[in-house]
1. What nm distance separates the two modelled labels at ASP34 and ARG80, each placed 7 Å from Cα along Cα→Cβ?
2. Quick one: what Rg and Dmax do you get for region 3-71 from the alpha carbons, in Å?
3. Cβ neighbours within 10 Å, averaged per peptide: list 50-61, 25-36 in order, most packed at the top.
4. Can you check what the net charge comes to around VAL154, using other residues whose Cβ is under 13 Å from the Cβ of VAL154 (Lys, Arg +1; Asp, Glu -1)?
5. Given labels modelled 7 Å from the Cα in the Cβ direction, how far is it in nm from ALA11 to ARG54?
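Where a number appears in this text, it was derived from the coordinates with a stated rule and is not lab data. If you're wondering where the values come from, they're calculated on a predicted model, not measured in any experiment. Glycine gets a Cβ as well: all are built from the backbone with ideal geometry, and neighbour counts include every protein chain shown.
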Amino acid sequence: MWRKAQAGDEAAYRAALSLMTGRIRAYLRRRLVDQAADVEDLVQEVLLAVHLQRGTHVEGLPVSNWLFAITRYKLVDHWRRQGRQPAATDDLDALDDVASADDGSAAQARRDLRKLLAQLPEAQRRAIELLKLDGLTAPEAAREAGVTESAIKVQAHRGLKRLAAWIRGEHEDR
């Protein structure tokens, strides 16, 4: 469909934008849970950027990767305008994007990650979810969890260390 849209097929372009809109909206809703009013504004910003940058998509590469790169940049711009820095995610957020690319192995990786997270101690799991998956800052995550800022950072660090060891096969106490 995107090839037809790029070739000037107006109906294909409208259909592609319609499909993209739903995916963009879902992606942003997961990251801006408490900012629903901003989601629609960002969807429009992304769609405008997609329109203006439509010639930058490299044929043969998944359109979804290109689309979510634009979406991520717009989301980061939004956070910067609000004075909030996005959390470093060690590529955990990228799993959502990859899974959205309709790749079965990526979807399986996401399910595996969820299973691993479920096996962590509650405090570590919660810290990783708040800081890495939800993108909260350390002070925001600490308030949400009802702990100190240093405690949330320590729990996230320990949890990520444990996850990395499990993935490398170095840690067996799951």
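1. So the two model labels end up 2.3 nm from each other.
2. Final numbers for Rg and Dmax: 12.4, 39 Å.
3. On the way: 50-61: 11.3, 25-36: 15.4.
The packing order, highest mean first, is 25-36, 50-61.
4. With Lys, Arg at +1 and Asp, Glu at -1, the net is +4.
5. 1.6 nm
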